[in-house]
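The values are calculated or read from the model by the stated rules, or taken from the named source; none is laboratory data. Quantities reported herein were computed from a predicted structural model and do not represent experimental measurements. Ideal geometry is used to build each Cβ from the backbone, glycine not excepted, and the neighbour counts take in all protein chains shown.
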Amino acid sequence: MTIRMRIFFGTMVTLFGLLTTMAYADDNVGTVIMARGEVTALQLQQDVRVLKRRSPVYMQDTVTTGNNSKVQIRFNDDALLALNANSSLVVHQYQQQATRHDQPEVVMQLIEGGFRTLTGSLGKGTAAAYRVDTPVGSIGIRGTLYSALLDKGRLLLGVWQGTISITTDAGDFVLGHDADFHYASVDADGFTGLLEAPAELQDNTVEQPQSTPNSNQHNTSADANIANSDVPPPLDQQDSARLQAILKASVNSETDPDANPDTPPIDDSSPDSRLTNTEYQAFLSSHRLGAVAMNGELRVGTVVQLDGEQPLFVAVNEAGQLDVVRFSGISSKVDQPDNNLDVIWGVWDGSDSDIEVYSDRDSDEHSGYDGMALWLHGTPTLSSQLSSLSGSVHFAGNLGIGFNNLGQPLSVSGGQFDLDFNTGRVSNGSLSAGFGDTGADLWAISFDGSIQIDGNNSPLVNLDIMNGQHGDIGINTGTSELGGILVGEQADAFLGGFELIDNSSNSATGAVLWQHASPN
């Protein structure tokens, strides 16, 4: 396999991972409304993501902050959570309906550090619907604003509104409204109710409710007086107002903590400014894969198709980064090559309107391309359906669309390959494509490949160009690209895109649709 094809296959694997973790709205559980310093998220078998304002947060994310860093997250149920510096929090579960009726809808784990949170609708249901696990005990709530901090083996708690429960090896305890204490310290020795907020929680304090001690819950004089006249005031007046503005923001606001707290909340918007909120939500729920071929590069990605608008591609570029590719005009050609298959392709003419490529998140800067671009997309076969298929299938066909570097359209094409579902191997692959009125500009390649990712069959078809000719000129297999997806409920067809370049820098761009057929 050539180096370029390894990169191309790697981007397809990267994209498949992005789809499995990002393309379903249920996995997107919240949005960052403020990030300062070093803030990251990590999922198993995924790369570390840097979080900033408007970044999405997903189930199974471990959110971590560094020195002098902090992050504030608004969850989908209106909850707000501010994570302190040097903290780590895992979002195990966050959804309206748990996978089992006896499981909570919200399960988080505080590994280190601390947070303050104003819980949302999921925290206002049954007491069993919400749980935060810590090394010391588990926190349950019933609609509240509270703080938690792990400090030298102790769990410090403060309740500013509502009620929380804490379950420990020493027993179950309650803090907050109608309880004996609003503050507590919990460690291996047990539970200690506190009359005032611990100094370590002062930076999170909004107001200090008064607690009444209870003889059934032990309390040392040192702990009882931990907040006294020698402790600095929790927040100055400006910070207090700012904190109130953040923690009491409505679901439709994204208050900037550095702005005047009296500033009206801005409209809800996409975590990625390259997409509108409507486009972003469509991206999260999209099951469509596609590609844009232009300027010698085949970008594979997720497709956003809104009614009456041009397809928009969130696609992986050669550097493995996600670009947003959009067209401001109208496709010069659009076709559904087979009425029985959910496949569409077309052509953008950049000389009439701009083809815009946005490479950087949270930036309106983009590059423009004024040449021709080919786009295609379809719904890939489900991996669960692929796992039930066995034996070998022959794909062949002559449906295609494309153009060469002279602007001549694809007039004739044909191709085939064999796919063994038992091994995932693609073999005996060939493609021929003729451009111009008579098809005299002839290109031909041979290829093999695989549909396997980590030992399992996937709808992504990775193809390795072994050799080829453009008339008397050889194909540059290092820079040419060919790949695609299986479409249809039973992998009924192959939808592929190619970007071929010969050793004299001539190019041919196209898409093909090949279906099950009998071998010749």
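Structural remarks
- Flag if residue 136 is modelled with pLDDT of 80 or more, surrounded by 17 or more Cβ atoms within 10 Å (Cβ to Cβ), assigned by TED's automatic domain parsing to the domain that holds residue 42 and touching an Asp or Glu at 6+ places or on another chain (Cβ under 6 Å): no
- Number of positions in region 61-77 that are of a type outside the set (Val, Ile, Thr) and under 20 Å from the mean Cα position of the chain (by Cα): 6
- Those residues of region 52-71 which are of a type in the set (Lys, Arg) and crowded, with 17+ Cβ neighbours inside 10 Å, in sequence order: 53, 54, 70
- Wholly within region 169-227, strands (runs of 3 or more DSSP E) carrying at least 3 residues that are at pLDDT 85 or above and in contact with a Leu (Cβ under 9 Å, 6 or more places away or on another chain): 183-187
- Strands (runs of 3 or more DSSP E) (entirely within region 415-486) containing at least 2 residues that are of a type in the set (Ser, Thr, Tyr) and free of Cβ contacts under 8 Å to residues at least 24 places away in the same chain: 425-435
Residues are listed down the side, and each one gets a yes or a no for (1) of a type in the set (Gly, Ala, Ser); (2) at pLDDT below 90; (3) in contact with a helix residue (DSSP H, G or I) (Cβ under 7 Å, 6 or more places away or on another chain):
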| residue | (1), (2), (3) |
| --- | --- |
| 62 | no, no, no |
| 67 | no, no, no |
| 78 | no, yes, yes |
| 81 | no, no, no |
| 100 | no, yes, no |
| 105 | no, yes, yes |
| 111 | no, no, no |
| 114 | yes, no, no |
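- Among the residues of region 41-91, those identified as in a strand (DSSP E or B) and over 25 Å from residue 129 (Cβ atoms) are 42, 49, 50, 64, 65, 70.
- Test result for residue 518, surrounded by fewer than 23 Cβ atoms within 10 Å (Cβ to Cβ) and either among the polar types (S, T, N, Q) or at positive phi (or both): yes
- Qualifying positions in region 333-373 - under 26 Å from the mean Cα position of the chain (by Cα) and of a type in the set (Phe, Trp, Tyr): 345, 358
Conditions (1) of a type in the set (D, E, K, R); (2) without any contact (Cβ under 8 Å) to a residue 40 or more places away in the chain; (3) on the phi > 0 side of the Ramachandran plot, marked per residue:
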| site | (1), (2), (3) |
| --- | --- |
| 115 | no, yes, no |
| 128 | no, yes, no |
| 140 | no, yes, no |
| 147 | no, no, no |
| 152 | yes, yes, yes |
| 160 | no, no, no |
| 164 | no, yes, no |
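- Checked against the criterion of being assigned to a strand (DSSP E or B) and touching a Pro at 6+ places or on another chain (Cβ under 6 Å), the candidates 410, 399 yield just one match: 399.
- Within region 487-505, the set of residues being in a loop (DSSP other than H, G, I, E, B) and within 16 Å of residue 294 (Cβ to Cβ) comprises just one member, 505.
- Hey, residue 423 over 21 Å from residue 290 (Cβ atoms), outside the structural domain of residue 289 (by TED's automatic domain parsing) and of a type in the set (Ser, Thr, Tyr) or not: yes
- Taken over region 465-510, the criterion of being of a type in the set (D, E, K, R) and surrounded by 15 or more Cβ atoms within 10 Å (Cβ to Cβ) is satisfied by 481, 492, 499, 502.
- Any hit, region 370-392, residues being charged (D, E, K, R) and not assigned by TED's automatic domain parsing to the domain that holds residue 447: yes
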